[in-house]
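Engineer: Would you mind keeping the following structure in view while I ask a few things?
Derivation of every value follows stated rules applied to the coordinates shown; laboratory data play no part. No experiment lies behind these values; they were computed from the predicted model shown. Virtual Cβ from ideal backbone geometry, glycine too; neighbours counted across all protein chains shown.
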């Protein structure tokens, strides 16, 4: 899908046809087809590999600079079904004629830049628009981290009541999401630092023409990214300790159950032992006593009670 938009003089977002693209237009590509990639490449005189690299789900955050264009790949947070989270590479490309974003699927970060929010960004100001996207991405990381924190608390409460495998698998999914976030935020931080260096060493004809306000916003993005990274590291440590604690609890509960079952087996083995002795085809005490069965049963019962009392005293129950 190709969507071409441009901010007008009255701060509204106007949708353009592919043949109406003008300087300052925003080309938003979501899971583009081969033909769509070729069309955009021809219109903007852009290497197709810049667009294709952004569609690789395993692509790491980085910056690639050529004479007439700049490619910035950053990882966005995405919420999957059933409350799981992942990251998605987003390619941001600067050219002389336009500003391009490329992603393999729809995401809330890019979707938040629409006609309803058009007053908060300007597609004609490429550097400011870039920083707006990066800032919005970091805010979504923080928002999803709050969701993850609440989700992990709910799972913890469930695990306190019952040690079901479902809750443990949910906790594992949360931990996996935090690993994705950690990797993405670290890579994004390196990209932000490189952008900051480029602004400091920018040439007069460079794409990176940052104003003082833009640099302040970039610093805010770096601070927010660092805060998100610290939060995700904290949540990871908490979850890792929680997983270890619950693993110890499960192991301890298993030991208690096995200890209880072993004690019960030993207690029930005592009457079995007595019945085995008096079931032999040899002369045994009380063999000719009319109350022999009751006497033997009483003795075995007393022995079992004494064994149970001993195990209870030793904390085996």
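Engineer: Any idea which of (1) over 24 Å from residue 236 (Cβ atoms); (2) touching a helix residue (DSSP H, G or I) at 6+ places or on another chain (Cβ under 8 Å); (3) part of a helix (DSSP H, G or I) is the one residue 209 doesn't satisfy?
Structural biologist: In the conditions (1) over 24 Å from residue 236 (Cβ atoms); (2) touching a helix residue (DSSP H, G or I) at 6+ places or on another chain (Cβ under 8 Å); (3) part of a helix (DSSP H, G or I), residue 209 misses (3) alone.
Engineer: Still on this model: When you check residue 281 against the structure, is it within 30 Å of residue 176 (Cα to Cα) and out of contact with any helix residue (DSSP H, G or I) (no Cβ under 7 Å at 6 or more places or on another chain), yes or no?
Structural biologist: No: the conditions fail for residue 281.
Engineer: Here's something else I'd like to know. So, in region 258-267, how many residues would count as being surrounded by 13 or more Cβ atoms within 10 Å (Cβ to Cβ) and in contact (Cβ under 8 Å) with a residue 12 or more places away in the chain?
Structural biologist: Here the count works out to 5.
Engineer: Could you count how many residues in region 236-257 are loosely packed, with under 12 Cβ neighbours inside 10 Å and in contact (Cβ under 8 Å) with a residue 60 or more places away in the chain?
Structural biologist: Final tally of qualifying residues: 1.
Engineer: For region 1-23, what are the residues that are buried (at least 18 other Cβ atoms within 10 Å of the Cβ) and part of a loop (DSSP other than H, G, I, E, B)?
Structural biologist: 21
Engineer: Return the residues of region 246-278 that are in a helix (DSSP H, G or I) and in contact with a helix residue (DSSP H, G or I) (Cβ under 7 Å, 6 or more places away or on another chain); say none if nothing qualifies.
Structural biologist: If the condition is that a residue be in a helix (DSSP H, G or I) and in contact with a helix residue (DSSP H, G or I) (Cβ under 7 Å, 6 or more places away or on another chain), then 246, 263, 266, 267, 270, 271, 274 are the ones that fit.
Engineer: Quick check on residue 112: is it over 26 Å from residue 190 (Cα atoms) and touching a helix residue (DSSP H, G or I) at 6+ places or on another chain (Cβ under 8 Å)?
Structural biologist: Judged against the criteria, residue 112 is not a match.
Engineer: Any residue at all in region 43-61 that's touching a residue at least 60 places away in the same chain (Cβ under 8 Å) and either under 31 Å from the mean Cα position of the chain (by Cα) or surrounded by fewer than 13 Cβ atoms within 10 Å (Cβ to Cβ) (or both)?
Structural biologist: Looking through region 43-61, at least one residue is touching a residue at least 60 places away in the same chain (Cβ under 8 Å) and either under 31 Å from the mean Cα position of the chain (by Cα) or surrounded by fewer than 13 Cβ atoms within 10 Å (Cβ to Cβ) (or both).
Engineer: Look at region 66-81 and say how many of its residues are surrounded by fewer than 15 Cβ atoms within 10 Å (Cβ to Cβ) and either over 18 Å from residue 178 (Cβ atoms) or out of contact with any strand residue (DSSP E or B) (no Cβ under 6 Å at 6 or more places or on another chain) (or both).
Structural biologist: Within region 66-81, residues that are surrounded by fewer than 15 Cβ atoms within 10 Å (Cβ to Cβ) and either over 18 Å from residue 178 (Cβ atoms) or out of contact with any strand residue (DSSP E or B) (no Cβ under 6 Å at 6 or more places or on another chain) (or both) number 4.
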